[in-house]
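Working notes for the structure below.
The values are calculated or read from the model by the stated rules, or taken from the named source; none is laboratory data. In this text, all values refer to a predicted model and were calculated from it rather than measured experimentally. The accessibility values were calculated without ligands, DNA or RNA, using every heavy atom of the protein model including side chains. Shrake-Rupley method; radii C 1.70, N 1.55, O 1.52, S 1.80 Å.
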Amino acid sequence: HGAAEPEETGTEALPRRTPAPAWLPTAKGEEGDFCLRSSDCAAGLCCARHFWSKICKPVLREGQVCTRHRRKGAHGLEIFQRCQCAEGLACRLQR
């Protein structure tokens, strides 16, 4: 990781670019891809527990089943975690 060195191309000098490391993902994860945090997933997805790993799952839309957490941190005990509701929606009890 040093300073960029100019590379001669005609009359213009351009900085030499270092390629991204192979382990660095180039695109956001799609549904079902492994993840560590929601920012690893594409738009409309969140990173949620599935068994003992985490995968990208869809954010909940209107009419889908959601989980209402009684106390903060309770979601960590779920084996099959769901995403939060999409913006503007809230989980409510259905009679």
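Figures for the structure shown
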quantity	calculated
Residues that are over 10 Å from the mean Cα position of the chain (by Cα) and not hydrophobic (A, V, I, L, M, F, W, C), drawn from segment 35-53	Arg49, His50, Ser53
From the options Ala43, Ala74, Ala48, residue that is open to solvent by less than 100 Å² (accessible area, probe 1.4 Å) and modelled with pLDDT of 90 or more	Ala48
Test: residue in segment 6-13 that is at pLDDT 65 or above and open to solvent by 90 Å² or more (accessible area, probe 1.4 Å)	no
